[in-house]
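What follows is a single structure, written as structure tokens, with notes after it.
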Amino acid sequence: MSVKIKKAGGQIEEFNEKKLLHSLIRAGAEKEHAREVVNEIVSQIKPHMSTRKIYRLAHRYLKHYNRASVLRYSLKDALLRLGPSGYPFEKYVGELLRSSGYDVKVGVILEGRCVTHEVDVYAENNEEIVLVECKYRNSSEGAHDVKTALYVHARHQDLRTAMEKQYRDKEINGWLVTNTRFTDDAIQFAECSGMTIVSWGYPKKMSLEKIIEESRLYPVTVLSGLTSQQVRKLIEQNMFLMKDLAKKDTASIRKILSITDRKASQLKHQAEELCFC
């Protein structure tokens, strides 16, 4: 079908059935079920319908087939729910790097050549040191522009100049990570300057969602049944990940969240299904 839809940033583009189908399959839905969901959605799409509304329709129909797939498909919204401050996102990015074998610290003060900097995530292994600047948003509207990339690049250059004298046997790399998007200019600058940027959908082989899906390090916020207060309670206990919830016994979950044994058991089961299936 040929119909124009509206993206989160306000852009108008052609609706792509294959793109929707692929996103459902990537979330874990069987091909047959994913096609049925797409067919249901196609019959309801209207000109200039928002991608958010299409997402909600897909989420609703996917529930009929596979709960774990629904949770995976909720990932983009789950990252938006990590706020309201950026600190939980910084901790979460730290966990992603720790799973790749890095020693990680969050919120580190380092001396650059010219000035002092606070680094959101400091990750180190035998070959390199990664200095990560995290840019969190609790809304998918808008994108981080080239000014952000220029600013972060300058900070990393100042730090690299100072650190290379101390760490002669390691590469010093700077990353800029966001849970939303970058503008085309920001991406162009990053590619030209050799700066690593990671966002939702970029770069294709190492986008934020692909890193999460491959490592199965889903945030606890994929559970739509949790209130904001309950999410905060989990974060206060350093339980950012669904795998942390899966490893807890039902009694501990019940106590932390002040819920019934039945609800605690359901949450633990959902966490196990998502992380270990």
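The values are calculated or read from the model by the stated rules, or taken from the named source; none is laboratory data. Owing to the predicted nature of the structure, the values given are computational and were not obtained by experimental measurement. As a convention, Cβ positions derive from the backbone with ideal geometry for all residues, glycine included, and neighbour counts pool all protein chains shown.
What the table below lists for this structure:
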quantity: Close pairs from the stretch 44-55: first under 11 Å from LYS6 (Cβ atoms), partner of a type in the set (Val, Ile, Thr) and surrounded by fewer than 15 Cβ atoms within 10 Å (Cβ to Cβ), Cβ under 6 Å, at least 6 apart; calculated: PRO47/VAL3
quantity: Helices (runs of 4 or more DSSP H) within the stretch 175-277 that include 1 or more residues under 19 Å from SER139 (Cβ atoms); calculated: 184-193, 208-215, 228-236
quantity: Among residues of the stretch 126-157, those that are surrounded by 18 or more Cβ atoms within 10 Å (Cβ to Cβ), not in a strand (DSSP E or B) and not β-branched (Val, Ile, Thr), counted; calculated: 8
quantity: Options ASP244, ASP249; residue that is of a type in the set (Asp, Glu) and either touching a residue at least 40 places away in the same chain (Cβ under 8 Å) or farther than 14 Å from TYR218 by Cα (or both); calculated: ASP249
quantity: Sole residue being modelled with pLDDT under 80 and either in contact with a Cys (Cβ under 9 Å, 6 or more places away or on another chain) or not β-branched (Val, Ile, Thr) (or both), chosen from TYR87, TYR65; calculated: TYR65
quantity: VAL220 vs. criteria hydrophobic (A, V, I, L, M, F, W, C), crowded, with 20+ Cβ neighbours inside 10 Å and in contact (Cβ under 8 Å) with a residue 24 or more places away in the chain; calculated: yes
quantity: Subset tally (residues that are of a type in the set (Ser, Thr, Tyr) and at pLDDT below 80) for the stretch 26-60; calculated: 1
quantity: Residue that is touching a helix residue (DSSP H, G or I) at 6+ places or on another chain (Cβ under 6 Å) and acidic (Asp, Glu), where the choices are ASP169, ASP185; calculated: ASP185
quantity: When residues of the stretch 158-189 are limited to those that are among the aliphatic types (A, V, I, L, M), within 24 Å of SER207 (Cβ to Cβ) and surrounded by fewer than 21 Cβ atoms within 10 Å (Cβ to Cβ), the one nearest to the chain's Cα centre (by Cα); calculated: ILE187
quantity: Pair list, Cβ under 6 Å, 6 or more apart: the stretch 263-275 residue among the acidic types (Asp, Glu), other residue part of a helix (DSSP H, G or I); calculated: GLU272/ALA246; GLU273/ALA68
quantity: Sole exception among (1) in a helix (DSSP H, G or I); (2) of a type in the set (Gly, Ala, Ser); (3) at pLDDT 85 or above for SER23, by number; calculated: (3)
